[in-house]
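Down below is the structure, laid out as structure tokens.
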Amino acid sequence: MANFKPLSQIAKIIRSKNAGVDKITFDIIFPDQASYQLVRRSGILNRALIANLYNIPESRISDFVEFEPALAIKFTIYREKPSGSPGDTDIFGSQQYAPLLDLQIPVD
Amino acid sequence: MAAVPKSLRFLCPNGHLGFAPLKTNSFYLGVQSRPDFILADSGSNDIGPIPLGSDVSTSPKEWQYHDLEHMLLAARKLGVPMIVGSAGDTGTNSRVDLFVEMIQDIARNHHIPKFRVGYFYSEVNPDYLRRKMEQGERVAGLDGRPDLTLEELEATDRIVAVAGIHPYIRLLDLGAEVIIGGRSSDSVIFAAPAIRAGFPEGLAYYLGKVLECASFNAEPYMGKESVIGEITHEDVKVTAMHPDQRCTVASVAGHAMYERSNPFYEHVLGGTLDMSRCRYEQWDERTTRVTGPVFRASPEWWVKLEGSGKVGERYVGIVGIRDPYIIANIDQVIAWAREQVRERFGDSGYELHYQLYGKNGVMGNLEPSRHTPHELGVVVYGIAPSAQMAEEVCLIGTRQMFYARLPEVKGTAGGVAFALDEVMRASPAYRWTINHTVRIDDPLELFPTFLTEAGV
């Protein structure tokens with residue numbers, strides 16, 4: 001049986017923010033190589049998981065990047081409507097990361 | 001031109017100047033180290049389309065003045081240039097004028113000896129784009145948008161083009177000691193003086209990229225603190241000025257991806273900064289050194305455009321719900337209220353939006369949680385061509401929730417709790433109509449430059 005830990009207990013920073021007016025970008029930044037590699041190698045975080053988690057088609061994910069200099073995994077999605085349009089709920093896109101916090105990562 | 005210096009140091013006290021005031025202690029620590037330039041970006045499109053569309057700042061005048069005053073007094077005392085880009089959140093012409101006037105007021109109030117102020121505009125006349133489009137030129141959509149149509153152009157109230165280094169260099173050449181820029185890419189505010197002084201473009205644009213949000217490139221997280229970037233012919237070094245902050249490899253590399261869909265590339269007018277081969281090293285306790293950024297010039301001038309168009313006047317209502325049966329049937333409650341609006345105003349010509357705090361008020365359709373809350377906060381938005389109609393749309397849409405006809409409801413004296421009797425006037429609703437690029441012949445074409453004076 002594998003042990004699991006929530007992503008929030010492994011990553012140092014988990015955040016979301018506008019990337020321009022039509023996209024929201026998500027940064028997951030790790031405190032060290034070991035934790036970065038643990039999550040990266042687990043393969044848990046990928047386009048399919050993000051699409052499933054946010055209930056969007058994979059075509060709405062514009063970028064998925066592993067960015068080793070910052071020990072980060074990063075992805076970006078197209079917004080349903082541009083930031084601040086009538087009906088938009090988060091002008092800065094800054095509170096869209098919460099579902100990532102409880103992602104269960106196998107740790108052994 | 002003077003000989004190329006070995007290095008130049010850039011003090012940046014704030015990112016999105018005006019949105020919150022700069023912190024003075026770390027700023028004056030930076031000033032004491034005698035930087036060669038004092039610079040800040042003042043713009044952001046994070047704030048949504050309303051400030052651009054209605055041509056206002058979202059930053060209070062007092063905070064803008066506060067930051068400009070500290071920067072100007074320090075810059076004039078040191079005798080170094082001060083540069084602010086994307087004036088007043090949006091970089092529209094009125095915001096540039098506002099900042100130039102503030103500089104003149106500050107100079108007068110402090111009896112600063114006369115100095116030259118350069119400024120440039122970034123607004124684009126819609127007719128300019130219409131003519132291009134009628135001649136068959138593309139206004140190409142960014143981020144998955146289709147190319148601009150004449151209909152969307154018609155729906156647009158105000159457009160700014162995003163400047164490159166060029167108007168800044170021109171104003172420095174003209175002898176400007178203070179520059180107030182219209183809408184600009186954040187990085188070019190810093191890159192312009194470095195490139196003009198003879199430093200490599202890749203390092204210069206990288207310098208701007210890493211400094212534009214000030215202390216967001218340092219850790220621990222503390223906004224609005226000063227940082228200093230130093231450029232040489234081999235590297236960029238970035239140092240936190242706040243005694244408790246450090247620019248680390250992680251914080252500096254992490255900043256490269258902040259607010260960007262891709263951490264490796266940054267597009268500006270005239271080319272792309274390629275950061276994919278950047279190397280980051282801890283230089284000293286509070287300084288990180290970066291080498292390896294490369295700038296790739298593009299063969300044509302494609303300028304980014306931002307445009308905002310008005311949707312209508314807007315009113316907002318707020319109600320709360322506690323009855324679990326009503327919460328479970330909230331969709332029917334909303335359907336009832338919508339129907340009452342429809343009976344009064346028909347199917348179109350207005351917008352009515354419900355935001356359900358407690359259910360998916362923050363994430364909308366992205367919300368994965370199906371948890372049932374014990375209470376629900378509902379914000380109702382009514383949008384219509386006139387304020388009077390928007391108020392009535394919103395009022396019906398809010399108040400009729402009270403009267404929703406649910407078959408098994410026990411509470412027959414009102415289905416929602418009112419926090420207020422009335423609905424409230426909000427800012428007009430706007431939307432981003434333009435996030436596009438268009439080809440221009442000359443990088444100064446859309447950015448007329450001007451020189452004036454301040455001081456006594």
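The set of residues in region B:22-54 being among the charged types (D, E, K, R), away from chain A (no Cβ under 14 Å) and over 14 Å from residue B:228 (Cβ atoms) consists of B:23, B:41. Among residues of region B:336-374 being among the aromatic types (Phe, Trp, Tyr), within 11 Å of chain A (Cβ to nearest Cβ) and over 12 Å from residue A:87 (Cα atoms), the one that is surrounded by the most Cβ atoms within 10 Å (Cβ to Cβ) is B:350. Screening the candidates A:72, A:34, A:2, A:11 for the property of being facing another protein chain (nearest Cβ under 9 Å) and either in contact with a Gly (Cβ under 8 Å, 6 or more places away or on another chain) or farther than 27 Å from residue B:142 by Cα (or both) yields one hit, A:72.
Scanning region A:89-102 for residues that are more than 7 Å from chain B (Cβ to nearest Cβ) and either closer than 21 Å to residue B:263 by Cβ or touching a Gly at 6+ places or on another chain (Cβ under 8 Å) (or both) turns up A:93, A:94, A:97, A:100. Residue check: is residue A:66 more than 7 Å from chain B (Cβ to nearest Cβ), over 19 Å from residue B:368 (Cβ atoms), charged (D, E, K, R) and touching a helix residue (DSSP H, G or I) at 6+ places or on another chain (Cβ under 9 Å)? When the stated conditions are applied, residue A:66 passes them. Could you tell me which numbered condition residue B:409 fails, if it satisfies all but one of (1) among the aliphatic types (A, V, I, L, M); (2) in contact with a strand residue (DSSP E or B) (Cβ under 9 Å, 6 or more places away or on another chain); (3) farther than 30 Å from residue A:102 by Cβ? Tallying (1) among the aliphatic types (A, V, I, L, M); (2) in contact with a strand residue (DSSP E or B) (Cβ under 9 Å, 6 or more places away or on another chain); (3) farther than 30 Å from residue A:102 by Cβ, residue B:409 fails exactly one: (2).
Counting the residues of region B:213-246 that are within 14 Å of chain A (Cβ to nearest Cβ), outside any helix (DSSP H, G or I) and not aliphatic (A, V, I, L, M) gives 5. Return yes or no: is residue B:13 crowded, with 24+ Cβ neighbours inside 10 Å, touching a strand residue (DSSP E or B) at 6+ places or on another chain (Cβ under 9 Å) and either closer than 17 Å to residue B:176 by Cα or more than 14 Å from chain A (Cβ to nearest Cβ) (or both)? In short, yes. Only residues that are exposed (fewer than 15 other Cβ atoms within 10 Å of the Cβ), over 13 Å from residue B:204 (Cα atoms) and in contact (Cβ under 8 Å) with a residue 12 or more places away in the chain were counted across region B:285-303, and they come to 4.
State yes or no: is residue A:83 of a type in the set (Ser, Thr, Tyr), outside any loop (DSSP other than H, G, I, E, B) and either crowded, with 16+ Cβ neighbours inside 10 Å or at the interface with chain B (Cβ under 7 Å from one of its Cβ atoms) (or both)? The answer is no for residue A:83.
Of the strands (runs of 3 or more DSSP E) entirely within region A:1-55, those holding at least 3 residues that are more than 12 Å from the chain's Cα centre (by Cα) occupy A:4-6.
Screening region B:375-412 for residues that are surrounded by 14 or more Cβ atoms within 10 Å (Cβ to Cβ) and of a type in the set (Ser, Thr, Tyr) and picking the one that is farthest from the chain's Cα centre (by Cα) gives B:398.
Scanning region B:142-162 for residues that are of a type in the set (D, E, K, R) and in contact (Cβ under 8 Å) with a residue 40 or more places away in the chain returns B:143, B:145, B:147, B:152, B:157, B:158.
Within region B:387-442, the set of residues being under 13 Å from residue B:333 (Cα atoms), in a loop (DSSP other than H, G, I, E, B) and among the polar types (S, T, N, Q) comprises just one member, B:400. Could you say whether any residue in region B:323-345 is among the basic types (Lys, Arg) and over 30 Å from residue B:414 (Cβ atoms)? No, there is no match, as no residue in region B:323-345 is among the basic types (Lys, Arg) and over 30 Å from residue B:414 (Cβ atoms).
With respect to residue B:415, determine if the residue is over 24 Å from residue A:79 (Cα atoms) and crowded, with 18+ Cβ neighbours inside 10 Å. The answer is yes for residue B:415.
Looking only at region B:155-181, residues that are in a strand (DSSP E or B) and surrounded by fewer than 24 Cβ atoms within 10 Å (Cβ to Cβ) come to 0 in all.
Only one entry in B:140, B:191, B:176, B:163 is touching a His at 6+ places or on another chain (Cβ under 7 Å) and hydrophobic (A, V, I, L, M, F, W, C), namely B:140. Taken as a whole, the condition of being surrounded by fewer than 22 Cβ atoms within 10 Å (Cβ to Cβ) and facing another protein chain (nearest Cβ under 8 Å) does not apply to residue A:61. Just give me the residues in region B:247-290 being away from chain A (no Cβ under 11 Å) and not in a strand (DSSP E or B), in sequence order. Matches in region B:247-290: B:247, B:269, B:270, B:285, B:286.
Each reported figure results from applying straightforward, stated rules to the coordinates on display, with no laboratory input. As the structure is a prediction and not an experimental result, all values here were calculated from the model. Methodologically, a virtual Cβ is constructed for each residue, glycine included, from the backbone with ideal geometry; neighbour enumeration extends over all protein chains shown.
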